[in-house]
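Input: a single structure, listed below in structure tokens.
The values are calculated or read from the model by the stated rules, or taken from the named source; none is laboratory data. If you're wondering where the values come from, they're calculated on a predicted model, not measured in any experiment. Positions of Cβ are backbone-derived with ideal geometry, glycine not excepted, and every protein chain shown enters the neighbour counts. Quick note on the areas: whole protein, heavy atoms, side chains included, nothing else; ligands and nucleic acids left out. Shrake-Rupley method; radii C 1.70, N 1.55, O 1.52, S 1.80 Å.
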Amino acid sequence: MPKILLITRPQGDLGLKYLEHWSEKIIDAAKNKGALVLDLKHKRAARKELESVIRKKSPHIIIFNGHGDYDLLTGQFQEPLVIATENVQILAGSIVYAVSCRSAKILGEQAVLKSAKAYIGYKENFIFHYNESSVYKPLLDEKAKLFLEPSNQVAISLLKGRTAQESFVSSQKFWIRNLQKLLVKQYEPGNTALISSVYHNFKHQVCLGNGNAVM
């Protein structure tokens, strides 16, 4: 029986557009591993749809792309999808990675308490930069790559059969590698802001729950 990956890809602003396009790399990696991909794209990234799909399919991994806060994750046009005080129990039995601001602080902790296998995410804002000249071709944006490649590494490592903790560490290594690249050229225009943001994501990324959990 194939492993199952559920991924949300809402639309609504430029940041979400970048996450949507960069998630194609995760989807391709999943299909190459023979996994079944449940792609809740655009209007399908809605609470009712999410809850229905999880109940029917019991995904092994859930990837959330979207805006968030300490106690919630959102989908299409910022509709709340998972709220710590309402429906966090739907994450039980899955490994979760949230590419979202702040959600690991409260929602992630509650998800683990309600039997999510592991929750990888960010306790504060998830930040990335982009080149204005690349907004119509996000996958070729070298500035965005500094942020979205380390982020993707969590899901790609999980799909390779690595544990939640190993996947977190792999992502952390990518953040450090990119930080080192930027530090070599720290005096170039704009690099100070990039260094600060890469370090911010590295510092606030966490892995909660069972670090030995696998897909």
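Structure above, values below:
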quantity	calculated
The chain: antiparallel DSSP beta bridges as a percent of all, rounded to 5	35
Net charge dipole size for the chain [Lys, Arg +1 and Asp, Glu -1 on Cβ; Debye, nearest 20]	600
Backbone N within the stretch 4-19 under 11 Å of label point (7 Å from residue 78 Cα along the Cβ vector)	13
Magnitude of the charge dipole, the stretch 98-139, Cβ model with Lys/Arg +1 and Asp/Glu -1, debye to 20	180
Residue-normalised accessible area of the chain, expressed per residue, 1.4 Å probe, Å²	47
Spacing of the two label points (7 Å from each Cα toward its C-beta) at residue 142 and residue 25, in nm	1.5
Extension gain, residue 173 back to residue 37 (0.36 nm per residue minus Cα-Cα distance, nm)	46.3 nm
Accessible area of the chain belonging to carbon and sulfur atoms, whole % at 1.4 Å probe	51
Net charge over other residues, Cβ less than 14 angstrom from the Cβ of residue 162 (K, R count +1; D, E count -1)	+4
Exposed-loop-free span, longest in the chain, where chymotrypsin sites (Phe, Trp or Tyr not before Pro) count as exposed if DSSP calls them loop and at most 16 other C-beta atoms lie within 10 Å	1-69
Per-residue HN-Hα couplings for the stretch 163-168 [Karplus 6.51, -1.76, 1.60; θ = phi - 60°; Hz; x = Gly/Pro]	6, 4, 5, 4, 5, 4
Linear extension gain, residue 160 paired with residue 131, 0.36 nm per residue minus alpha-carbon span	7.4 nm
Amide proton proximity set for residue 125, modelled H, under 5 Å, gap of 5+	102
Under 13 Å, Cβ to Cβ, from residue 53 - net charge with Lys/Arg +1 and Asp/Glu -1	+4
Principal axis box of the stretch 48-118, alpha-carbon based, largest edge first, Å	25, 24, 20
Volume per residue of the C-alpha convex hull in the chain, rounded to whole Å³	102
Net charge, residue 175 excluded, C-beta distance under 13 Å - Lys, Arg +1, Asp, Glu -1	+4
Potential lengthening between residue 1 and residue 14 on full extension [0.36 nm per residue; Cα-Cα distance subtracted]	1.0 nm
The stretch 1-93, relative contact order in percent, only Cα pairs under 8 angstrom and at least six apart counted	36
